[in-house]
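Written out below as structure tokens is the structure these notes cover.
FYI, it's all coordinate maths here, none of it is from the lab. Fair warning: this is a prediction, and the values are worked out from it, not measured in the lab. With ideal geometry, Cβ positions are generated from the backbone for all residues, glycine too; neighbour counts draw on all protein chains shown.
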Amino acid sequence: MEDTEAIPDPEFADANGRYSVIVKGTYLGVYFVYKSSKSAHQFLQFPNDLPISVGVSNNVTLLVKPYIWFIKDNAYLNPMDPANMNDIDNNIKDNIKNNFKAFKDNDKNGIPD
């Protein structure tokens with residue numbers, strides 16, 4: 001988004017800035033909200049054509065692995081520790097570039113049709 005664009009979800013902006021990623025979860029049983037302003041552009045190419053027709057619905061699954069954003073050298077990174085912020089932000093950017101997958105999934109089983 002451009003700086004002048006309205007943010008559709010107000011949770012993606014606060015007094016500290018604008019965010020492209022918000023992760024909510026628990027770490028060692030403690031609830032956390034992790035916000036990142038890292039962004040990456042990703043072009044996803046489908047392995048097969050996905051014809052779009054009026055009156056015909058198709059389901060597309062976007063496979064994302066957010067859990068790997070919080071791992072470095074096979075160890076979990078505490079998302080509440082500011083010392084881990086740079087590693088987590090870099091993991092997010094690298095994951096968006098290298099691990100996002102999209103595919104036709106009309107049976108909605110998480111496996112490409």
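Structure notes:
- Remark: SER20, SER36, SER53 ranked as SER53, SER20, SER36, counting other beta-carbon atoms within 10 Å and listing the fewest first.
- Close lysine pairs were tallied over the stretch 10-104: pairs 8 or more places apart or on different chains with Cα atoms under 24 Å apart number 25.
- The local environment of ASN99, defined by Cβ-Cβ distances under 14 Å, has a net charge of +3 under the rule Lys, Arg +1 and Asp, Glu -1.
- The C-alpha atoms of the stretch 1-101 occupy a region whose extents along the principal axes are 49, 37, 24 Å, arranged from largest to smallest.
- Neighbour counts of other Cβ atoms within 10 Å put ILE88, ILE96, ILE71, ILE52 in the fewest-to-most order ILE52, ILE71, ILE96, ILE88.
- Only the Cβ atoms of Lys and Arg (+1) and of Asp and Glu (-1) were treated as charged; on that basis the dipole of the chain about its Cα centre amounts to roughly 240 debye.
- The gain in end-to-end length when the ILE22 to ASN58 segment is fully stretched comes to 10.2 nm, 0.36 nm per residue minus the alpha carbon separation.
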